[in-house]
1. Determine, yes or no, whether VAL142 is touching a residue at least 40 places away in the same chain (Cβ under 8 Å) and under 25 Å from PRO74 (Cα atoms).
2. Can you tell me which residues in the stretch 95-127 are β-branched (Val, Ile, Thr) and under 13 Å from CYS186 (Cβ atoms)?
3. Select, from VAL100, VAL115, the only residue that is touching a Phe, Trp or Tyr at 6+ places or on another chain (Cβ under 9 Å), closer than 26 Å to GLY226 by Cα and assigned by TED's automatic domain parsing to the domain that holds VAL199.
4. How many residues are β-branched (Val, Ile, Thr) and assigned to a loop (DSSP other than H, G, I, E, B) if we restrict to the stretch 104-143?
5. When the residues of the stretch 20-57 are narrowed to those that are closer than 28 Å to VAL100 by Cβ and loosely packed, with under 13 Cβ neighbours inside 10 Å, which ends up modelled with the highest pLDDT?
6. Give the residues of the stretch 205-221 that are under 15 Å from HIS88 (Cα atoms) and either in contact with a Phe, Trp or Tyr (Cβ under 8 Å, 6 or more places away or on another chain) or of a type in the set (Val, Ile, Thr) (or both), sorted by residue number.
7. Output the number of residues of the stretch 90-128 satisfying the condition of being over 30 Å from GLY159 (Cβ atoms), modelled with pLDDT of 85 or more and in contact with a Gly (Cβ under 7 Å, 6 or more places away or on another chain).
8. Kindly evaluate GLU210 against the criterion of being in a strand (DSSP E or B), among the charged types (D, E, K, R) and in the same structural domain as ALA132 (by TED's automatic domain parsing).
Amino acid sequence: MLLLAFRPSGGAMTLAELCRATGIPKATAHRLVAELEKWGLLERSGRRLRLGMRLFELGQLVPRQRDIGEIAAPYLADLFEATRETVHLAVRDGLEVVYVQKLARRGSPRVGSRVGGRMPMHCTGVGKALLAFNPRALTAAVIAQGLVRLTPRTIIAPGLLRQDLARARARGFAVEREESTIGIECVAVPIIDAAGSAVAAISMTGRVHEFHAPAATAALRTAALGLSRALR
């Protein structure tokens, strides 16, 4: 629970802040922090604590993310070089998406994604691509958990989300327009395994009114087809 208290925007935390965030008594937290420091899972800078490098090393050992990331690397590099738009690779973990790779140029629009970061499935391009090409029970679980509004354009009505996913299934790609970040548009395509389910998704992101969705979609579908075949 202590490790989960850290957030991407929060940086380092004091012991008192960790206690407030988790509700763990100070004496217990002090003992746990000492143990986590011993294993390299937390690092200390003065009175403040941050996540340790050992966590990053362990994350690189996760087989699914590592294998997909390694196989996808040349496809993502080709996409990025051809378009110079921000490119993502994401997988599902529970009812969220986790970003495995991200390629962006200097001056690219700022979005909420980062390698290792999590985002909701219902309002991200990669998340909707994964929902659309997996059993409907997954969509039902996401809806039951609650559709959080991140921007004024986030789809939070279950019926509208199902309609959007049906369109994605029919055309083979998902679209997200200012649903997770204002001013940003995204197109995402699923990576399909031998059983016909989406095991990952790749996307391209750009500024609304500058992003050329048809060209992005064509490039993504070509890359996704090759990557799907490689993974099989």
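1. Spelling it out, it is not the case that VAL142 is touching a residue at least 40 places away in the same chain (Cβ under 8 Å) and under 25 Å from PRO74 (Cα atoms).
2. Of everything in the stretch 95-127, those that are β-branched (Val, Ile, Thr) and under 13 Å from CYS186 (Cβ atoms) turn out to be VAL97, VAL111, THR124, VAL126.
3. Among VAL100, VAL115, only VAL115 is touching a Phe, Trp or Tyr at 6+ places or on another chain (Cβ under 9 Å), closer than 26 Å to GLY226 by Cα and assigned by TED's automatic domain parsing to the domain that holds VAL199.
4. Final tally of qualifying residues: 3.
5. Among residues in the stretch 20-57 that are closer than 28 Å to VAL100 by Cβ and loosely packed, with under 13 Cβ neighbours inside 10 Å, the one modelled with the highest pLDDT is TRP39.
6. THR205, THR217, LEU220, ARG221
7. Final tally of qualifying residues: 2.
8. no
The values are calculated or read from the model by the stated rules, or taken from the named source; none is laboratory data. Predicted model only: the values in this text are computed from it and were never measured. Note that we place each Cβ from the backbone using ideal geometry, even for glycine, and neighbour counts take in every protein chain shown.
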